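Scroll down for the structure; my scribbles are underneath it.
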Amino acid sequence: MNAYINTVQTNDLTRTFGDFTAVNKVNFYIPKGEIFGLLGPNGAGKTTTIRMLCGIIAPTSGEASVLGFNIKKDASDIKKNIGYMSQRFSLYDDLTATENLSFYSSIYGVHNGDRKKRIQNLIDQSGLRGYENELTRSLSGAWRQRLALACAIAHKPPMLFLDEATAGVDPVSRREFWDLIYEMAGEGTSILATTHYMDEAEYCNTIGMMYEGELVALASPDTLKDGLPGILLQVSTSDPLAAESVAEKVAGVTDAALHGVRLHVAMRNENVIPALKAAFQQAQIQFSDMEIIQPSLEDVFISMVEERLQKNGSQKKGER
Ligand SMILES: Nc1ncnc2c1ncn2[C@@H]1O[C@H](COP(=O)(O)OP(=O)(O)O)[C@@H](O)[C@H]1O
Ligand SMILES: [Mg+2]
């Protein structure tokens, strides 16, 4: 077996398409049994990163290893030893759940003698018992997703890539899906997951936030939230839109953003609160509640992106 310290290790991983850079000098690593979350808006470069790590496309420059295999030289070894599941997983609708599992087990080279037992294990592990003889086309989205995961791990891969695997699934099913992922990580499987859903990011040991091809932040969810400078105030008001435009102009306020019906105001420190209250009073904005809250990963992400845009802006000015 191949010796390795980290299941995934990248070194300035870069991919361009023509003169467009989709992934720009990305560096991170995933220790064995850890869940690494790659977050970022559409087009950030998440899927391109995964495709390079799975050996599907080659990097333009930089290096990476997966399970100790080099992504350029050993792509076929990587493909055999990883699991991969995306939003558009392909299950055969005309087959039953068991038949799909049997099909994927044979594709992934699960030994004939072990196949029956492995399929029974997968059915139990993924909670598909009772549905195993249903035609796949009659399964709901959430059950199909569980079946797809079971198919993707038929060969017990030590590394699993999940690319938007929970997209379009209801919150309860997403939670149950993550319970399965957690169990797998507990048994030593390393996982790289991309997601839009910030609540899912909380399940990850480490988060990489991607924006325009670059990794703009890399840390645990708590470290990211604790690292946000200043404090965050949540305000309940009958007119959040007006409150937002008033708050933005108060000295010491670094950002004001609507979160549903509430307003989140980021500020340098607590000393800014009286000025904010005074500004609301002057503008005759009623607020029922004001409390200091822990920032969410969404707040962190917005702050990282703004910081990056400011930096890029000042670089451009410097170029002139
Ligand atoms: N084969 C390709 N040819 C040209 N551009 C591509 C190709 N694949 C991806 N891109 C571009 O690279 C950028 C990153 O895409 P992608 O990695 O799919 O982002 P994400 O998964 O974060 O949404 C996008 O602007 C996308 O249009
Ligand atoms: Mg993608």
(message) Filter segment 270-297 down to the residues that are of a type in the set (S, T, N, Q) and either under 10 Å from Leu233 (Cα atoms) or touching a strand residue (DSSP E or B) at 6+ places or on another chain (Cβ under 6 Å) (or both) and list them by number.
(response) Ser288, Gln294
(message) Being more than 17 Å from Ala251 (Cβ to Cβ) and at pLDDT 80 or above: is that true of Pro295 here?
(response) yes
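Condition check ((1) more than 24 Å from Tyr182 (Cβ to Cβ); (2) in contact (Cβ under 8 Å) with a residue 60 or more places away in the chain; (3) away from ligand 2 (no atom under 13 Å from the Cβ)) across all residues:
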| position | (1), (2), (3) |
| --- | --- |
| Val8 | no, yes, yes |
| Asp12 | yes, no, yes |
| Asp19 | yes, no, yes |
| Asn24 | yes, yes, yes |
| Pro31 | no, yes, yes |
| Ile35 | no, yes, yes |
| Leu39 | no, yes, no |
| Ala44 | yes, yes, no |
| Thr47 | no, yes, no |
(request) Report, by residue number, each residue of segment 253-291 that is at pLDDT below 95 and among the small types (Gly, Ala, Ser). (result) Ala256, Ala257, Gly260, Ala266, Ser288
(request) Go through segment 24-82 residue by residue and tally those that are within 16 Å of ligand 1 (Cβ to nearest atom), within 14 Å of the chain's Cα centre (by Cα) and open to solvent by 30 Å² or more (accessible area, probe 1.4 Å). (result) 4
(request) Looking for whichever is at pLDDT 95 or above, among the hydroxyl-bearing types (Ser, Thr, Tyr), more than 11 Å from ligand 1 (Cβ to nearest atom) and open to solvent by less than 10 Å² (accessible area, probe 1.4 Å) here; the options are Thr14, Thr7. Which one fits? (result) Thr7
(message) Looking only at segment 156-171, count every residue that is open to solvent by 40 Å² or more (accessible area, probe 1.4 Å) and either under 14 Å from the mean Cα position of the chain (by Cα) or modelled with pLDDT under 90 (or both) and tell me the total.
(response) 3
(request) Go through segment 23-93 and tell me which strands (runs of 3 or more DSSP E), entirely inside it, have 1 or more residues that are touching a helix residue (DSSP H, G or I) at 6+ places or on another chain (Cβ under 7 Å). (result) 35-39, 61-66, 82-86
(message) among the aliphatic types (A, V, I, L, M), surrounded by 15 or more Cβ atoms within 10 Å (Cβ to Cβ) and under 30 Å from Thr10 (Cβ atoms): which single residue out of Ile119, Ile123, Ile107, Ile153 fits that description?
(response) Ile153
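The values are calculated or read from the model by the stated rules, or taken from the named source; none is laboratory data. Quick caveat: nothing in here was measured; it's all calculated off a predicted structure. Note: ideal-geometry Cβ built from the backbone for every residue, glycine included; neighbour counts use all protein chains shown. These area figures cover heavy atoms from the full protein model, side chains too; ligands, DNA and RNA do not enter into them. Shrake-Rupley method; radii C 1.70, N 1.55, O 1.52, S 1.80 Å.
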